[in-house]
Amino acid sequence: MDRQLLSLEDPEIVVRATDSIDDMVKVIQTLVEKGYAYASEGSIYFRVAAFRNYGQLTRIDLTGIRDGARIDSDKYDKNNARDFALWKAPKEGEPFWQTPVGPGRPGWHIECSVMSMKYLGETFDIHSGGVDLIFPHHENEIAQSEAATGKPFVRYWLHAEHLIVNGEKMSKSLGNFYTLRDLVTRGYKPSAIRYLLAAVPYRRHLNFTFEGLHQAQQSIERLRNFRLRLGQESFPEGENAVLQDRARAALREFEAAMDDNLNTAEGLGAVFAMVRDANTAIDRGEFRAGDRGAFLDTLERWERIFAVLEDNDSARLRQFGLGLETPVVAGIPPSVTAPGGVEAALPGNGHGSTPPPGLLTDEEIGRSIAERDEMRRKGNYARADEIRQSLQKAGVILEDSKAGTRWKRK
Ligand SMILES: [Zn+2]
């Protein structure tokens with residue numbers, strides 16, 4: 001559910017370590033045969049001294065770690081403090097498997113190496129994780145994988161910095177620990193949460209605050225309003241080459257920022273600067289009908305990554321029973337409100353169901369607005385404009401606001 005609320009893609013493959021025990025055992029056997037691993041009291045350890053490149057990822061000098069000192073919690077006998085367990089002898093009360101290397105269970109590091117190589121190949125492009133996993137986990141993954149295959153394991157490591165909350169580490173004891181559900185229950189939109197999390201490049205600390213979340217919501221509104229403005233306002237025919245260049249330059253800046261190790265903050269900056277310039281140009285009457293495409297293209301390209309412009313938060317929350325708004329009746333989204341904020345066209349709410357003859361009923365208006373919303377979502381701004389105009393001819397004025405579309409009779 002959290003993934004869907006935040007518009008995250010589902011993984012193509014979801015793996016279970018327990019489905020790959022045989023594969024892990026095979027890699028461990030290979031490491032023993034090649035002299036990179038040894039058995040001791042029913043467990044099997046990786047011999048770090050045998051792997052020359054150990055420490056390449058961490059770039060720290062590990063010679064200072066004295067033999068006999070403990071650097072992890074493995075309570076087994078090892079030849080060297082740096083050696084780590086590939087296979088752990090059975091322990092009272094822990095699950096174990098009967099395998100060709102004896103009874104026991106795999107170490108954590110080998111699980112990751114074997115499962116990733118099984119599905120992605122012996123060498124793959126990107127391995128990610130939190131910065132706390134660089135040492136020893138990822139260092140050990142490299143050592144055991146490359147020792148087993150003789151090939152490079154991973155081409156790029158992406159390590160994300162930790163999230164902090166109000167300048168402090170997130171922890172249960174501090175009570176500054178929020179789940180996605182906590183946030184949406186407090187009325188924050190999933191799109192704003194997604195935006196906030198994506199707006200800070202992954203290698204920087206993201207300081208989560210409610211103020212930041214509020215600002216994220218406003219930033220999204222600004223972009224959505226700009227897109228609506230492009231679709232709804234009528235501009236003089238023709239083109240303004242300078243403006244179109246501006247839109248294309250913003251796209252190039254955005255892409256360059258993303259190519260720079262996913263510098264999302266700079267990428268956002270490029271698009272907001274473009275929106276500011278375009279709004280100024282519209283206000284000054286310099287914008288032409290033919291310029292729409294270039295700006296919509298840049299926004300569309302941006303949206304393919306940020307995915308926050310589509311106004312579907314309420315629908316998604318309702319899908320999971322989290323919507324706080326009035327339920328939808330007769331296909332009319334809750335964003336459609338009559339003057340005064342009263343829900344429009346709901347049967348039995350005692351208003352508007354008997355308009356003077358010849359006028360559209362509230363229900364008809366609601367349906368038209370819903371259709372117009374649908375057209376705007378699909379990018380069919382021409383049809384959306386037609387609907388707006390025909391409502392206008394019927395004496396109904398629409399007002400788009402942050403809270404949704406309001407209408408009033410002339
Ligand atoms: Zn891992």
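The values are calculated or read from the model by the stated rules, or taken from the named source; none is laboratory data. Please read these numbers as outputs of a predicted model, since none were measured by experiment. Neighbour counts are summed over all protein chains in view; Cβ atoms, including those assigned to glycine, are modelled from backbone coordinates with ideal geometry. To get the accessible areas, we keep the full protein, side chains included, count just its heavy atoms, and leave off ligands, DNA and RNA. Shrake-Rupley method; radii C 1.70, N 1.55, O 1.52, S 1.80 Å.
Here is the figure for region 110-119: residues that are hydrophobic (A, V, I, L, M, F, W, C) and either more than 13 Å from the ligand (Cβ to nearest atom) or touching a His at 6+ places or on another chain (Cβ under 8 Å) (or both) total 1. If you go through region 1-60 and keep only what is open to solvent by 50 Å² or more (accessible area, probe 1.4 Å) and among the aliphatic types (A, V, I, L, M), you end up with MET1, LEU8, ILE13, VAL14, VAL15, VAL32, ALA39, ALA49, ILE60. Hey, could you check region 372-410 for residues that are of a type in the set (Asp, Glu) and either in a helix (DSSP H, G or I) or buried (at least 17 other Cβ atoms within 10 Å of the Cβ) (or both) and say which is farthest from the chain's Cα centre (by Cα)? So, considering only residues that are of a type in the set (Asp, Glu) and either in a helix (DSSP H, G or I) or buried (at least 17 other Cβ atoms within 10 Å of the Cβ) (or both), the one farthest from the chain's Cα centre (by Cα) is GLU386.
Taking residues in region 140-154 that are away from the ligand (no atom under 11 Å from the Cβ) and open to solvent by 10 Å² or more (accessible area, probe 1.4 Å), and partners anywhere that are in a helix (DSSP H, G or I) and not aliphatic (A, V, I, L, M), the pairs with Cβ atoms closer than 7 Å and at least 6 places apart or on different chains are ALA148/THR30; PRO152/GLU146. Taking the conditions (1) assigned to a loop (DSSP other than H, G, I, E, B); (2) open to solvent by less than 60 Å² (accessible area, probe 1.4 Å); (3) modelled with pLDDT under 85 in turn, VAL308 satisfies each one other than (3).
Kindly indicate whether any position in region 343-357 is modelled with pLDDT of 50 or more and buried (at least 16 other Cβ atoms within 10 Å of the Cβ). No, region 343-357 has no match at all. Here the condition is being within 16 Å of the ligand (Cβ to nearest atom) and over 24 Å from ARG155 (Cβ atoms); of PRO100, PRO95, PRO90, PRO106, it holds for PRO106 alone. Give region 129-139 a look and list any residue that's away from the ligand (no atom under 11 Å from the Cβ) and not in a helix (DSSP H, G or I), or say none. Within region 129-139, no residue meets the criteria.
Taking region 217-266 as the range and being in contact with a helix residue (DSSP H, G or I) (Cβ under 9 Å, 6 or more places away or on another chain) and of a type in the set (Lys, Arg) as the test, the residues that pass are ARG222, ARG227, ARG229, ARG246, ARG248, ARG252.
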